[in-house]
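Written below as structure tokens is the structure these notes are about.
The values are calculated or read from the model by the stated rules, or taken from the named source; none is laboratory data. Computed from a predicted structure; not experimentally measured. Cβ placement follows ideal geometry from the backbone for every residue including glycine, while neighbour counts extend to all protein chains displayed. Surface areas here come from the heavy atoms of the whole protein model, side chains and all, with no ligands, DNA or RNA. Shrake-Rupley method; radii C 1.70, N 1.55, O 1.52, S 1.80 Å.
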Amino acid sequence: MLNSLPESRRAQVLGRKGLKAWEDGKDWRKYMRGYAGMREMKSRLKESVLEPQKRGVKTIITQKTIDNIGQFQYPGFTKRENKLMLQAQKELLAIARDKNNSNEVAMILTSDLKGKTILLGNDNSVDFGTAKAKNILAGGESLYIIHNHPRGYGFSLDDIHILTDNNSVKSISLITNSGRIETLQKTANYDKIMINKIQTKVLKRCRKNNLD
């Protein structure tokens with residue numbers, strides 16, 4: 001999403017230091033104050049399979065990629081929970097490949113990681129504003145959201161909003177079509193009031209400069 005924004009807007013969203021980090025290919029998210037709950041995991045795909053993906057170009061999901069996603073440790077997860085998450089990630093990519101032309105798919109998991117709801121999107125996003133999605137997010141508790149990014153980008157601002165705007169969502173994770181994995185989780189230091197203040201300031205600046 002940041003790539004699609006003009007430089008002036010990126011500067012407003014990230015700040016001077018954050019913009020420089022983004023331009024240098026470094027982690028810009030740490031400059032978004034208040035997102036204390038962010039944790040990132042790298043993919044455990046075998047090196048022979050995980051090849052550099054050209055960001056901005058949709059990657060077609062292959063069975064080889066799915067088969068070689070290795071198990072990793074989510075903070076606070078048991079061995080059993082990590083296995084369930086691994087199964088869900090593989091299922092997600094298979095659904096995206098077989099039923100959605102390798103486009104974006106989201107899976108909303110219940111707190112026990114057994115109940116799941118599938119949302120199909122396009123090559124750039126999934127609509128969480130549908131009645132189906134709203135009902136699940138409104139009625140759930142400690143939900144986990146996983147989704148794929150066909151074009152290889154990291155978390156978008158929309159992804160962050162889904163996490164921060166919904167009390168029921170405990171974490172949101174992504175896996176790119178080439179297998180890179182990232183996760184954002186709310187920790188004990190998560191401060192919703194601070195987050196809301198930051199988001200309000202960003203929106204005011206965008207509106208003041210006639211930015212959508």
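Contact map, segment 77-97: residues that are within 15 Å of I145 (Cβ to Cβ) paired with residues that are among the small types (G, A, S), Cβ distance under 6 Å, separation 6+ or inter-chain. Pairs shown: A96/S102.
Screening I118 against (1) out of contact with any helix residue (DSSP H, G or I) (no Cβ under 7 Å at 6 or more places or on another chain); (2) at pLDDT 95 or above; (3) more than 20 Å from T164 (Cα to Cα) leaves a single unmet condition, (1). Whenever a residue of segment 125-143 is under 20 Å from I175 (Cα atoms), its partners that are among the basic types (K, R) and assigned to a helix (DSSP H, G or I), lying with C-beta atoms within less than 8 angstrom and at least six residues away or across chains, give the pairs F128/K134.
Exactly one residue out of D112, D158 is part of a loop (DSSP other than H, G, I, E, B) and open to solvent by 10 Å² or more (accessible area, probe 1.4 Å), and it is D112. Summed over segment 180-195, residues that are modelled with pLDDT of 80 or more and open to solvent by less than 60 Å² (accessible area, probe 1.4 Å) total 9.
Just to verify a result, which residue in segment 115-136, among those that are outside any loop (DSSP other than H, G, I, E, B) and of a type outside the set (V, I, T), is nearest to T59 (Cα to Cα)? The extreme case among them is L120.
Restricting attention to segment 164-179, the residues that are farther than 22 Å from Q71 by Cα and open to solvent by 10 Å² or more (accessible area, probe 1.4 Å) total 4.
Of the residues in segment 137-179, how many are farther than 25 Å from T62 by Cα, touching a helix residue (DSSP H, G or I) at 6+ places or on another chain (Cβ under 6 Å) and modelled with pLDDT of 90 or more? So the count comes out to 3.
Looking only at segment 126-151, residues that are on the phi < 0 side of the Ramachandran plot and surrounded by fewer than 17 Cβ atoms within 10 Å (Cβ to Cβ) come to 10 in all. Taken over segment 160-181, the criterion of being in contact with a His (Cβ under 9 Å, 6 or more places away or on another chain) and not hydroxyl-bearing (S, T, Y) is satisfied by I172, L174, I175, N177, R180.
The one condition from (1) part of a helix (DSSP H, G or I); (2) closer than 21 Å to Q73 by Cα; (3) of a type in the set (S, T, N, Q) that N148 does not meet is (1).
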